[in-house]
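Undergrad: Take this structure, written in structure tokens, and hold onto it; I'll ask about it next.
The values are calculated or read from the model by the stated rules, or taken from the named source; none is laboratory data. Predicted model only: the values in this text are computed from it and were never measured. Positions of Cβ are generated from backbone atoms using ideal geometry, with glycine treated the same way; all protein chains shown enter the neighbour counts. Surface accessibility is based on the protein's heavy atoms, side chains included, excluding ligands, DNA and RNA. Shrake-Rupley method; radii C 1.70, N 1.55, O 1.52, S 1.80 Å.
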Amino acid sequence: MADPARARRLAKRIFTIVASAIEFEIKDPGLDGVTVVDAKVTADLHDATVFYTVMGRTLDEEPDYAGAAAALERAKGALRTMVGAGTGVRFTPTLTFARDTTADSVQRMDELLERARAADADLARVRSGAKPAGEADPYRGSGDSDARDGDTGDGDRPDD
């Protein structure tokens, strides 16, 4: 097992090499809009997972996730060769590409929070004119004086 700090350093180096290669060296139109987000390396330094996201060409256009995944699979061999040359480790890790879904999760959470805010505002609007169904203070009653004097109501009184 390798040192965890060494695995982090190798992951950072792989991240840098792959991001640079996708941006400047590999000329595949399917990789347009692909951004490398993170890289993780297993403890034995044999496998690396590179996380990526895909941006649409315009704001209204949906990103082509399938095309990006296919382009990354086509470029996997060249990228692994570049990683091997750039890291200088004895065994070049195998590369696996995984789409980063953090942005999708953030968008979903924003939608849920907005729905919760709308529900809270609706509840506040309904509560503003509401009145209690019974008395204003339902806990006030005439039989409470015995309970305040220490009477438990079961007939047993402590010895004086």
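Undergrad: Give, in whole angstrom and from largest to smallest, the semi-axes √(5λ) of the equivalent ellipsoid of region 38-121, with λ running over the eigenvalues of the Cα gyration tensor.
TA: 36, 17, 8
Undergrad: How much length would be gained if the chain were fully extended between Phe24 and Ala70, taking 0.36 nm per residue of separation minus their Cα-Cα distance, in nm to one decimal?
TA: Once the chain is fully extended between Phe24 and Ala70, it gains 14.7 nm.
Undergrad: Here's a follow-up. Under 5 Å between amide hydrogens, which residues at least 5 positions from Phe97 or on another chain qualify, with H placed 1.01 Å from N in the peptide plane?
TA: Val50
Undergrad: Turning to a different aspect of this structure: Could you sort 78-85, 16-23 so that the peptide with the highest average Cβ count within 10 Å comes first and the rest follow in order?
TA: Final packing ranking: 16-23, 78-85.
Undergrad: Where both partners of a DSSP beta bridge lie in the chain, what percent of those bridges are antiparallel, to the nearest 5?
TA: That works out to approximately 55 percent antiparallel.
Undergrad: Taking the Cα centre of the chain as origin, sum charge times position over the Cβ atoms of Lys and Arg (+1) and Asp and Glu (-1), and report the length of that vector in debye to the nearest 20.
TA: Dipole size: approximately 1640 debye.
Undergrad: For the chain, give the percent of accessible area contributed by carbon and sulfur heavy atoms, probe 1.4 Å, rounded to a whole number.
TA: Heavy-atom surface of the chain belonging to carbon and sulfur, 1.4 Å probe: 52 percent.
Undergrad: How big is D for region 1-76, in µm² s⁻¹ as a whole number, if Stokes-Einstein is applied with the Kirkwood radius of its Cα pairs at 10 °C and 1.306 mPa s?
TA: 119 µm²/s
Undergrad: So if we plug the beta-carbon distance of Asp47 and Glu111 into 1/(1 + (r/R0)^6) with R0 = 30 Å, what FRET efficiency do we get, rounded to 0.05?
TA: After rounding to 0.05, the efficiency reads 0.30.
Undergrad: Heavy atoms only, 1.4 Å probe, whole protein assembly: order Phe24, Phe91 by accessible area, highest first.
TA: Phe24, Phe91
Undergrad: Now for a different question. Can you check what the net charge comes to around Lys12, using other residues whose Cβ is under 13 Å from the Cβ of Lys12 (Lys, Arg +1; Asp, Glu -1)?
TA: +4
Undergrad: What does the convex hull of the alpha-carbon atoms of region 22-63 project to on average, in nm²?
TA: Value for region 22-63: 3.8 nm².
Undergrad: Residue-wise, which Karplus ³J(HN,Hα) couplings in Hz belong to region 74-81, taking 6.51 cos²θ - 1.76 cosθ + 1.60, θ = phi - 60°, and x for glycine or proline?
TA: 5, 8, 4, x, 5, 5, 5, 4
Undergrad: How big is Rg to Rh over the chain, alpha-carbon atoms, Rh as the Kirkwood inverse-mean-distance radius?
TA: Here Rg/Rh amounts to 1.49.
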